[in-house]
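Written below as structure tokens is the structure these notes are about.
Read the figures in this text as sums done on the coordinates, not as results from a lab. Remember, predicted model here, so these are calculated numbers, not experimental data. Don't worry about glycine lacking a Cβ; one is built from the backbone with ideal geometry, like all the others, and counts go over all protein chains shown.
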Amino acid sequence: MLVTLVAAIAENGVIGRGNALPWRLKSDMAHFRALTIGKPVIMGRKTYLSIGKPLGGRTTIVVSRDPAFAAPGVLVAGTLDTALAAARGDALRRGTDIVIAGGADIYAQAMPLASRLEVTHVHKTVDGDARFPAIEHAVWREAGRVEHMPGAGDEAAFAFVAYERA
Ligand SMILES: NC(=O)c1ccc[n+]([C@@H]2O[C@H](COP(=O)([O-])OP(=O)(O)OC[C@H]3O[C@@H](n4cnc5c(N)ncnc54)[C@H](OP(=O)(O)O)[C@@H]3O)[C@@H](O)[C@H]2O)c1
């Protein structure tokens, strides 16, 4: 089963600040939707709370160690393995890959299991408290890159880059 990490990363590795995205990038919102629609999407409890609702048209699977955590319209898993097992069944039925949508804690645990990274490199350095793990060039090779100038609602230029295992 293919596991894909989908993330937007600043030039200094930052992905979040104060449990929110540290930029406004409308184009990346649309890109995220296109990459994830119709798929099972796994995220950490903090990322889920920052979004505040299930992702439409996707199976939202939230990982939390809190047995009391529940939210309408999402599957809650007590371990990453349980989340992946639920996602695997859903992905098989749908004929898709499994998406890991963050945050920093979940990316760090899931990166060794991933076969693909779909990264939006945001061409900006930002302050933040959540970071993506280093993308080691011995492990990951760039499989595609499309550079974009900022569009309406984008506060920086960015590149959509796909990585596969080297
Ligand atoms: N730029 C991007 O692409 C992007 C994408 C996503 C998120 N973000 C940002 O990343 C930040 C959030 O990241 P984060 O690292 O603080 O939090 P997170 O990864 O979203 O969630 C962490 C929580 O997930 C649960 N968890 C983690 N590992 C687990 C495991 N093995 N088993 C069970 N539960 C587990 C725990 O929840 P409990 O405490 O409930 O046990 C933990 O506190 C925010 O700033 C957000 O905006 C950025």
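Brief remarks on what is shown
- Summing +1 for each Lys or Arg and -1 for each Asp or Glu among the other residues whose beta-carbon sits under 12 angstrom from that of Arg94 gives +2.
- Most positive-pole-ward Cα, Ile61, Ile100, Ala7, against dipole of the chain from beta carbon charges: Ile61
- Taking Lys46, Lys26 and counting other C-beta atoms within 10 Å, the order from fewest to most: Lys26, Lys46
- Rg over Rh [alpha-carbon atoms, Kirkwood Rh] for the chain: 0.94
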